[in-house]
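Student: This is the structure I want to talk about, given as structure tokens.
Quick note: the coordinates plus some simple rules give every number you see, no bench work behind them. Everything quoted here is computed from the prediction, not taken from an experiment. Here Cβ is always computed from backbone atoms with ideal geometry, including for glycine, and neighbour counts include all displayed protein chains.
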């Protein structure tokens with residue numbers, strides 16, 4: 001059985017780094033205090049707003065300075081999260097204690113994937129640069145990873161159409177037929193199903209761990225769950241779910 005921490009979409013940009021800093025500090029402290037066996041970042045840590053018009057590529061020209069600022073903001077945020085872990089590991093090595101070294105997976109989200117859509121950006125930024133000097137094992141965009149019978153991906157899609165599977169958590173469980181965790185959507189949806197063969201499968205959707213408001217969602221669209229998740233005693237697709245809101249996160253760990 002493992003304890004798995006899931007960090008959901010943070011969508012860091014230069015204009016929201018400051019307001020989200022307490023959350024980033026708290027996430028770093030949460031890791032070293034609770035010491036999960038596995039840390040999953042579900043993706044969309046970097047917002048890459050400067051590349052957000054990739055669907056209209058023929059008419060879109062990116063600004064190299066803006067791209068650089070987006071990259072630096074996300075990298076600075078990642079440094080804040082990882083600093084407590086790096087400090088703890090340095091202290092443990094110096095004192096010859098066992099070093100806490102969790103499995104760490106970063107699932108490339110659609111926002112990070114924007115970088116790959118522009119090969120001409122390679123001289124300015126690439127995945128290797130984003131994750132240099134970090135402990136993350138980087139997982140390709142939409143490649144699922146299975147840990148303790150739970151499948152993790154930024155989101156799951158219909159293999160015939162390529163379109164993301166939407167709807168309720170119950171509906172997605174019926175489509176996928178295995179335990180899954182995904183980000184991508186600013187929501188909290190969860191369902192559990194007890195199968196006749198003795199298996200228990202769960203579906204968890206949660207894609208927001210930030211304090212800022214997203215203008216494109218309008219007045220009514222920003223009222224959604226924000227936080228991260230701890231999966232306790234994960235084994236064979238089952239786990240006890242702990243939902244950690246950003247308010248509790250900051251009040252407890254910042």
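Student: Report yes if some residue within segment 133-146 is crowded, with 17+ Cβ neighbours inside 10 Å and over 25 Å from residue 104 (Cβ atoms); otherwise report no.
Tutor: So far as segment 133-146 goes, no, none of its residues is crowded, with 17+ Cβ neighbours inside 10 Å and over 25 Å from residue 104 (Cβ atoms).
Yes or no, residue by residue, for (1) loosely packed, with under 11 Cβ neighbours inside 10 Å; (2) more than 20 Å from residue 156 (Cα to Cα); (3) out of contact with any strand residue (DSSP E or B) (no Cβ under 9 Å at 6 or more places or on another chain):
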site: 86; (1), (2), (3): no, yes, yes
site: 90; (1), (2), (3): no, yes, yes
site: 103; (1), (2), (3): no, yes, no
site: 106; (1), (2), (3): no, no, no
site: 121; (1), (2), (3): no, yes, yes
site: 130; (1), (2), (3): no, yes, no
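Student: Related question: Across segment 120-139, what is the total count of residues that are free of Cβ contacts under 8 Å to residues at least 12 places away in the same chain, assigned to a helix (DSSP H, G or I) and over 21 Å from residue 86 (Cα atoms)?
Tutor: Total satisfying the criteria: 1.
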